[in-house]
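First up is the structure itself, then whatever we jot down about it.
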Amino acid sequence: MLTRIPKGTKDILPPESARYQAMEAMMREKAKLAGYQEIRTPVFEHTELFLRSVGASSDVVRKEMYTFKDKGDRSITLKPETTAGTVRAFIESSLYAQALPMKLYYIFAPHFRYESPQSGRLREHHQFGMECFGAKEASADAELILIAMDVLSSVGLQGIALRINSIGCPKCRPAYQEKLKAYLNGKREKLCKDCVERIDINPLRVLDCKNPACQAELTDAPRMIDALCDECHDHFEDLQSYLRAANVEYVVDSGIVRGLDYYTKTVFELTAETPNGTMTACGGGRYDKLVEEIGGPDIPAVGFGMGMERVLLLLDLMPPEMHKLKMESNAPDIYVASLNRSLAANAFPLMLAFRAAGLKADMDHAGRSLKAQFKYADKLGAAYVTVLGEDEIQKDMITLRNMSTREETEVSLMEAPEKLAAMISKRSEEE
RNA sequence: GUGGGUAUAGUUCAGUGGUAGAGCGCCAGAUUGUGGCUCUGGAAGUCGUGGGUUCGAACCCCACUACUCACCCCA
């Protein structure tokens, strides 16, 4: 157990960590272009927050939360999603008193759900997400959808499908729910036992049951989009006209209802087909009543969450030439080898001088032979190697060996960092 | 919670009852001031755990555990 990672968690090791860095840099850039600013909220919140926002009837709250009592006897929960915490911060810090809409994003936010792990499903995963407060117009919904799609295509994913739906608002949904309940109760015998349970807890969830037998029974079920009030109907029409204006393909899927209870009006998912079936990379929607529900003013909002592990998992299913993430190289510009151990004392300040000139520099820390130092430098992908020996010290000159061309350039010890910096920058210009 | 699969070196895996193996990786040498290629050598394994069958078990049987995949749900 001592050296075993907890179930459903993952270490992000190099070079994988570099992929995250590249993806995060791209996400931040996309967010910035659209005027979103970063928010960072705690890893845990009061349990009550999730009960009120995510909803006591949701699967997430009912069976997946990491909840515990702290030493002060407070019920604490590791966040299973980040919208709730963002809304809490928005209210608590009175961000609504500032210019609205306020656009916020979070990145590499850890999320915890106690479920049995499998491909693309972890107990701790990380999300990139965006939330827009104080924008009631459907253009905000469309903006978020387009950013999410842009992010996915910018890592190199293709074949991402956008599915949208509207699940109405407190004005029109209750009547629809009753109608749906009545319809479902008529089919009680024919539905799976999970669905029968859902009829009373949350009848909407029956609609996205994956059981083919259930789906077959639901073909003529009443649809929310046919029961929307005027306001919700217009909003949904507006969303679609914005999407059309942006030339985005989408399908209206009345089966999308989302597992979190706070959604109103727009809900959407971005999915990809994989050998293991359809996988959701991103999901989101509008939550116009949540801010008020939690104790803030009546402010509409819309947002999405994107699973970062999932995005990379989907990317790995694409051929390597499709990948677009640009990863920074860790390879040293220069490796300072020394002929013997006593010269390490000279190699050390030389290495520091290279670093001071802004170059990635390294040296031997393992007391290895010169040959082994070269081997190691080669493995690291060092662009240049210099060997420090008695001769070099005496003459105050060192030789910079280009590891790919084997070309050697003699420079004075003093000028070496400056000269090498010039050679490296010339080289990167040529690329 | 339900059902499948897997478990042998750091890693990927071979090994169907008789001395625990290979590729890759790692370390060293061949070249006592020079890497990639090649060759040679080396380190590294309670064969997941416990029990059973057998003269003998990595291998057959049982149980357990872990991992993994799928269902459910989701990112």
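None of the figures in this text is laboratory data; all of them are computed from the coordinates on show. Because the structure is predicted, anything quoted here is derived from the model rather than measured. With ideal geometry, Cβ positions are generated from the backbone for all residues, glycine too; neighbour counts draw on all protein chains shown.
At a glance:
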item	result
Set of aspartates and glutamates with alpha-carbon distance to A:Lys395 below 15 Å, sequence-local pairs under 8 removed	A:Glu410, A:Glu415
Antiparallel bridges, percent of DSSP beta bridges restricted to chain A (to nearest 5)	80
Rh by Kirkwood over Cα pairs, then Stokes-Einstein D for segment A:360-425 at 0.890 mPa s and 25 °C, µm²/s	196
Bins of 10 Å from zero: percent of alpha-carbon pairs in segment A:272-408	10, 26, 15, 13, 15, 12, 8, 2
Using alpha-carbon coordinates, inclination of helix A:83-92 to the longest axis of chain A, degrees	90
Approximate spin-label separation A:Val248-A:Lys179, in nm, with each point projected 7 Å along Cα-to-Cβ	2.8
Beta bridges by DSSP in segment A:318-411, antiparallel share as percent, to the nearest 5	45
Inverse mean reciprocal Cα-Cα distance (Kirkwood Rh) of chain A, Å	25.3
FRET efficiency, 1/(1 + (r/R0)^6) with R0 56 Å, evaluated for A:Glu189 and A:Ser154 via beta carbons	0.70
Principal axis box of segment A:1-92, alpha-carbon based, largest edge first, Å	42, 40, 27
Ranked packing of A:120-126, A:304-310, A:393-399, most packed first, by mean Cβ within 10 Å	A:304-310, A:120-126, A:393-399
Listed residue (A:Ile160, A:Tyr183, A:Val196) projecting farthest to the positive dipole end of segment A:108-254, Cβ model	A:Val196
Shape parameters for segment A:319-366, alpha-carbon atoms, Rg then Dmax in Å	15.6, 49
Protection-proxy order for peptides A:171-178, A:334-341, A:185-192, each taking the mean of Cβ atoms within 10 Å per residue, highest first	A:334-341, A:171-178, A:185-192
Segment A:159-233 shape via C-alpha gyration tensor axes, a/c threshold 1.5	oblate
Residues of type lysines that A:Lys136 reaches as a straight line, Cα spacing below 29 Å, ignoring anything fewer than 8 places off in the same chain	A:Lys30, A:Lys32, A:Lys79, A:Lys103, A:Lys171, A:Lys179, A:Lys265, A:Lys289
Between helix A:16-33 and chain A: long-axis angle, C-alpha atoms, 0 to 90°, nearest 10	60
Using a Förster distance of 25 Å, the FRET efficiency for A:Arg40-A:Glu115 (Cβ separation, nearest 0.05)	0.50
Stretch gain in nm, segment A:Ser57-A:Ala356, where the contour uses 0.36 nm per residue and the Cα spacing is subtracted	101.8 nm
Gyration tensor (alpha-carbon) shape descriptor, segment A:194-316, a/c threshold 1.5	rounded
Hull-based mean projected area of segment A:213-271, where the convex hull spans the alpha carbons, in square nanometres	5.2
Shape of segment A:1-52, Cα gyration tensor, a/c cut at 1.5	oblate
